[in-house]
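Quick notes on the structure that follows.
Only the coordinates and a few stated rules stand behind these numbers; no lab work does. Predicted, not measured: the structure shown is a model, and the values here were computed from it. Don't worry about glycine lacking a Cβ; one is built from the backbone with ideal geometry, like all the others, and counts go over all protein chains shown.
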Amino acid sequence: MSAAFSLLDWLALGWFTLCWAWYYEYSRRRQRSKRCLAGVMHGYRYDWMTRLLNREARIADATIMTHLERNGAFFASSALLILAALFGLMGTTERALLVLSDLPLSAAEPSRLGLELKLLLLITLFIYAFFTFTWSMRQYNFCAILIGSAPDPGEKDTTPGSRKMYAIQAANVIDLAANQFNYGLRAYYFGLALLAWFLHPVAFILATTGVVLVLYRREFHSKTLKALAAGRDLDVNFKGILQNEEVSPELLKNKTK
């Protein structure tokens with residue numbers, strides 16, 4: 001094992017593991033914060049379930065849930081295709097070594113054992129992504145059942161308190177499904193960073209850092225977050241998505257009517 005990886009390889013792998021674990025814990029703790037996409041979207045999901053209980057026609061809601069489930073199915077099937085390619089590559093490591101040795105940025109004298117271990121790590125990562133996406137699909141399926149079993153607006157057996165609790169729990173289940181989908185997407189992002197390891201450990205470190213920065217910016221400082229947050233709090237002025245100007249008070253006043 002020590003002959004397969006240099007000290008720089010171990011440092012790069014440790015940095016990769018640390019970044020993934022840190023970002024997972026950091027985003028999980030900030031999930032209910034208004035300053036992140038997950039926190040804002042939870043509010044929208046609660047509003048969605050609350051309004052669903054007040055209307056009889058729920059075809060559009062079921063269609064949205066089907067669309068969300070298909071997104072997970074697409075990435076799960078893509079993970080299977082990637083795994084098939086990686087397992088095929090395991091049988092042609094000698095040819096892969098020749099290709100890597102010809103690259104200008106490749107580390108000196110890549111070993112077969114090191115290449116196989118890197119491929120095994122990629123395989124493990126996409127196996128995790130597959131199971132994560134399929135679990136997300138199942139949870140969205142549970143959400144569809146919750147929509148189908150939701151009480152109708154005219155039912156007299158349900159109290160306002162029970163309807164509110166139903167909306168909260170349904171929104172929580174959708175949250176869980178969305179979180180699993182995000183974890184699967186995150187595995188894809190870090191899988192792209194892992195590809196840089198085949199070139200050089202320094203490239204692996206830089207790619208891992210870049211992935212964390214991209215994820216952090218999109219989750220906590222993106223224009224999409226500002227737009228979604230402003231949609232739930234119209235007292236907050238935000239920069240326009242296409243134009244760098246504040247929303248006028250007249251527009252906010254019209255939206256509140």
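Here are a few things to note about the model shown:
- Residue exposure proxy: E116, E56, E155, E219, ordered by other Cβ atoms within 10 angstrom of their Cβ from fewest to most, comes out as E56, E155, E116, E219.
- Rounded if a/c under 1.5, otherwise prolate or oblate - region 7-221, Cα gyration tensor axes: prolate
- Spin-label model, Y128/D152: points 7 Å from Cα along the beta carbon direction are separated by 4.8 nm.
- The phi torsions of region 73-80, fed into the Karplus equation with coefficients 6.51, -1.76 and 1.60 and a -60° offset, translate into couplings of 5, 4, 6, 5, 5, 5, 4, 5 Hz, rounded to whole numbers, with Gly and Pro shown as x.
- Dipole magnitude of region 7-221 about its Cα centre (Cβ charges: Lys, Arg +1; Asp, Glu -1), debye to nearest 20: 740 debye
- Rounded FRET efficiency, nearest 0.05, which uses the C-beta distance separating T66 from L192 and R0 of 30 Å: 0.55
- Trypsin sites (Lys or Arg not before Pro) within region 120-182: DSSP coil, no more than 11 neighbouring Cβ in 10 Å: K156
- Label-to-label distance for S78 and L11 is 3.4 nm, based on points extended 7 Å past Cα in the beta-carbon direction.
- The phi torsions of region 179-190, fed into the Karplus equation with coefficients 6.51, -1.76 and 1.60 and a -60° offset, translate into couplings of 5, 4, 4, 5, 5, x, 4, 4, 5, 4, 4, 6 Hz, rounded to whole numbers, with Gly and Pro shown as x.
- Annotation: extensible slack from L120 through R218 equals 32.3 nm (criterion: 0.36 nm per residue apart, minus Cα-Cα distance).
- E25/E56 FRET efficiency (R0 51 Å; Cβ-Cβ; nearest 0.05): 0.75
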